[in-house]
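The block underneath contains the structure these notes are about, expressed in structure tokens.
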Amino acid sequence: MTDYSVKELMACWLARDLVDGEFAAVGANFPIPRAAVLLAHFTHGPNMTVGMGAFKVCLDNVDQVMTLKYFTDFRPMRWAESASYFPLDLFGFHKMDVFYVSGIQIDAYGNTNLIGIAGEGGQYKFRGPGSIGTTTLAAVARRYYIVAEHHTPRLFVEKCSKISALGFGDGTPGLRKKLCLPGGGPKYCITPLCVFDFHPETSRMRVHSLHPGVSPEQVVADTGFEVEIPAKVMETKPPTDVELSVLRNRVDPEGALRT
Amino acid sequence: MERKSVIVDEAAALDKIQDGMTIALGGFITAQHAMGIIRGLAGRRIKGLTVIGSLSASLEVDLLVGCGCVRRLISAYVGAEAAAPIGPFFKKAAESGQIDIWECDEIIIAAMLHATAAGVPFFPVRGGLGTALPELNKDLKEFRDPIHNEPLLAVPAMPIHVAITHANCADRYGNVQYTGNAFADGLIHRAADTTITTVERIVSPEEIRRDPFKTAYNAQTIVRMPYGSHPYSCHGLYVEDHDHLTQYATAAYMSTKGDHSAWDEYLKRFIDTPEDHLAYLEQVGVRTLFSLNEF
């Protein structure tokens, strides 16, 4: 089997969880989900609606897809069938099947924070970039994935300082239903060490699978909240040669996932 | 009587914006900002603005914050993605309490603009329930809808004095057309009392009438500014100037860390010395400008 990077593993794992026909969007500065959506589109999702920047594209017969530095880059226009109609498409978010979110903090209940970390006297110790579209998408998209490029106790905290995208709140059973949020909330959280899912009763993150070579102790040490590790925990299935070939030749020829 | 042209020069357009006003900037993240006007506001060190960076903003808002123009900021994001994940002056001003932030996401700003444009007191949204937003932004009010008794957030309308947008072309009567995506520009035009639009080209009224469906809105003021969105992109014409954005981000970041030399040089070269937009383009240089419009 070919050697692979952990980012390639994460992209392949996320791609397998996408279903043909779904509507998923590719951001700009978020390389792992970008690769996952494109890989799924090329391997098993010819009927997917792929949002790329401000366009909906179809990549049939496209050999290689450039990496964009900016969301608003208009060059994917060459593959576009339609353009996003602002801002009404933003109100169409509730029809989105899948989206991906990250944060400056991720907590045990799948809440994420892009706003900031409170310091003394009501001011910010660290101001984040802002919520972008995540507040609404987390409320309305059918399901979403939390994607963390690092796995540290500072990122994975018991409770977010400020919640910008609601996962399962404080774990109150049925909270999302009580708030009448149409979206199902976070399905998985993937990190460079493992995949987390959410306990059906407590809504807390628990280890779903460990990436090859990662020990349960390492996850415990690098997670800032008390994490449940089931007695029989699976190993995350590594990329296949076919997946790696599509990924490296068509999706990520520049090797963004290998750095 | 003759029909009047709405084309003005940039000084006359800038005179319409005074200290303490609420302005809404068009475009989206790193595309289509009326930089000729925004640099002009920064150069004049206009004070006390409420700035709506719709719907997510880039470093054009960071520049206004860095030049001390902003009192209150309404934007779902301030940054330039790979060139600067967070706007440096925005980050520092938010941490020091120098600016008030109306916390929101893109849909919440869009809802505010919809309410304003429609002349209704508020527009309802679902996103934000259970998050920190209603606690950080007291204007967002949770309520029960009278139809199904579901919890929702009411996003209030907000008066906007001036919308400032950049587009591909307009005729002398203010009919504005875009080559690519107009993002939320039509909405901010409808929400604002008046609109200033900078355009790459002035075209004939006949060219506008060839496809009136393409006219996005009718601006009250037009300023001719080729490459007017630089260093941001203009759909179909030129892409983002990554090197310039990186230069800005580095200089601004160093300045927030106490080393002002690169920022002072940037300000002098690109904001304070050029007497107008064309003088700015001369500073950037034709080689750079013409490198941005190849596929």
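What are the pairs with Cβ atoms under 8 angstrom where one residue, in region A:196-212, is farther than 16 Å from A:D170 by Cβ and the other, located anywhere, is of a type in the set (S, T, N, Q)? Sequence gap at least six, or different chains. So the pair list comes out as A:S209/A:T236; A:L210/A:T236; A:H211/A:T236; A:P212/A:T236. Restricting attention to region A:67-77, the residues that are touching a residue at least 40 places away in the same chain (Cβ under 8 Å) and either more than 25 Å from B:I108 (Cβ to Cβ) or over 23 Å from the mean Cα position of the chain (by Cα) (or both) add up to 4.
Yes/no per residue for (1) free of Cβ contacts under 8 Å to residues at least 12 places away in the same chain; (2) of a type in the set (S, T, Y); (3) crowded, with 23+ Cβ neighbours inside 10 Å:
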residue: A:H44; (1), (2), (3): no, no, no
residue: A:V57; (1), (2), (3): no, no, no
residue: A:W79; (1), (2), (3): no, no, no
residue: A:S82; (1), (2), (3): no, yes, no
residue: A:F86; (1), (2), (3): no, no, no
residue: A:D97; (1), (2), (3): no, no, no
residue: A:G116; (1), (2), (3): no, no, yes
residue: A:G119; (1), (2), (3): yes, no, no
residue: A:Q123; (1), (2), (3): yes, no, no
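Looking at region B:76-85, can you tell me whether even one residue there is in contact (Cβ under 8 Å) with a residue 40 or more places away in the chain and more than 8 Å from chain A (Cβ to nearest Cβ)? Yes, some residue in region B:76-85 is in contact (Cβ under 8 Å) with a residue 40 or more places away in the chain and more than 8 Å from chain A (Cβ to nearest Cβ).
Here is the figure for region B:82-106: residues that are crowded, with 24+ Cβ neighbours inside 10 Å and either modelled with pLDDT under 95 or charged (D, E, K, R) (or both) total 5. In the set (1) touching a residue at least 60 places away in the same chain (Cβ under 8 Å); (2) touching a helix residue (DSSP H, G or I) at 6+ places or on another chain (Cβ under 8 Å), B:E106 fails one condition alone, (1).
Among the residues of region B:272-285, just one is surrounded by fewer than 13 Cβ atoms within 10 Å (Cβ to Cβ), charged (D, E, K, R) and under 20 Å from B:R201 (Cβ atoms), namely B:E282. The requirement of being without any contact (Cβ under 8 Å) to a residue 60 or more places away in the chain, buried (at least 24 other Cβ atoms within 10 Å of the Cβ) and not small (G, A, S) is satisfied by A:T134.
Residues in region A:153-161: is at least one among the basic types (K, R), over 19 Å from the mean Cα position of the chain (by Cα) and crowded, with 20+ Cβ neighbours inside 10 Å? No, that holds for no residue.
You will find that of B:G79, B:G48, B:G97, B:G40, the residue that is over 24 Å from B:A219 (Cβ atoms) and touching a Leu at 6+ places or on another chain (Cβ under 9 Å) is B:G79 and no other.
Just a yes or no: is a residue in region A:166-175 without any contact (Cβ under 8 Å) to a residue 12 or more places away in the chain and among the charged types (D, E, K, R)? So far as region A:166-175 goes, no, none of its residues is without any contact (Cβ under 8 Å) to a residue 12 or more places away in the chain and among the charged types (D, E, K, R).
All conditions but one from (1) assigned to a helix (DSSP H, G or I); (2) crowded, with 16+ Cβ neighbours inside 10 Å; (3) out of contact with any Pro (no Cβ under 7 Å at 6 or more places or on another chain) apply to A:N249; the one that does not is (2). Of the numbered criteria (1) more than 9 Å from chain A (Cβ to nearest Cβ); (2) assigned to a loop (DSSP other than H, G, I, E, B); (3) on the phi < 0 side of the Ramachandran plot, the one B:V61 fails is (2).
Output the residue which, of all residues in region A:150-196 that are within 9 Å of chain B (Cβ to nearest Cβ) and touching an Asp or Glu at 6+ places or on another chain (Cβ under 7 Å), is farthest from A:E228 (Cα to Cα). Looking at the filtered set, the residue picked out is A:C180. Against the conditions (1) away from chain A (no Cβ under 14 Å); (2) farther than 21 Å from B:C67 by Cβ; (3) in a helix (DSSP H, G or I), B:Q283 satisfies every one except (2).
Scanning region A:7-32 for residues that are at pLDDT below 95 and part of a helix (DSSP H, G or I) returns a single hit, A:P31. Within region A:33-43, is there a residue that is more than 10 Å from every other protein chain (Cβ to nearest Cβ), part of a strand (DSSP E or B) and modelled with pLDDT of 85 or more? No, region A:33-43 has no match at all. In this entry, A:V220 is excluded by the filter for residues that are out of contact with any Leu (no Cβ under 6 Å at 6 or more places or on another chain) and either over 30 Å from A:L175 (Cβ atoms) or at pLDDT below 95 (or both). Each residue in region B:113-133 was checked for being under 25 Å from A:S161 (Cβ atoms) and either touching a His at 6+ places or on another chain (Cβ under 9 Å) or away from chain A (no Cβ under 11 Å) (or both), and 1 pass. Summed over region A:58-97, residues that are within 7 Å of chain B (Cβ to nearest Cβ) and either at pLDDT 85 or above or part of a strand (DSSP E or B) (or both) total 8. Picking from residues in region B:181-199 that are away from chain A (no Cβ under 14 Å) and not β-branched (V, I, T), the one that is nearest to the chain's Cα centre (by Cα) is B:A192. When region A:98-119 is filtered for residues that are within 11 Å of another protein chain (Cβ to nearest Cβ) and more than 15 Å from the chain's Cα centre (by Cα), the ones remaining, listed by number, are A:Y109, A:I115, A:G116, A:I117, A:A118, A:G119. Restricting B:M21, B:M35 to those that are in the same structural domain as B:A82 (by TED's automatic domain parsing), modelled with pLDDT of 95 or more and over 25 Å from B:A111 (Cα atoms) reduces the list to B:M35.
The values are calculated or read from the model by the stated rules, or taken from the named source; none is laboratory data. The structure displayed is predicted, hence computed values, not measured ones. Positions of Cβ are generated from backbone atoms using ideal geometry, with glycine treated the same way; all protein chains shown enter the neighbour counts.
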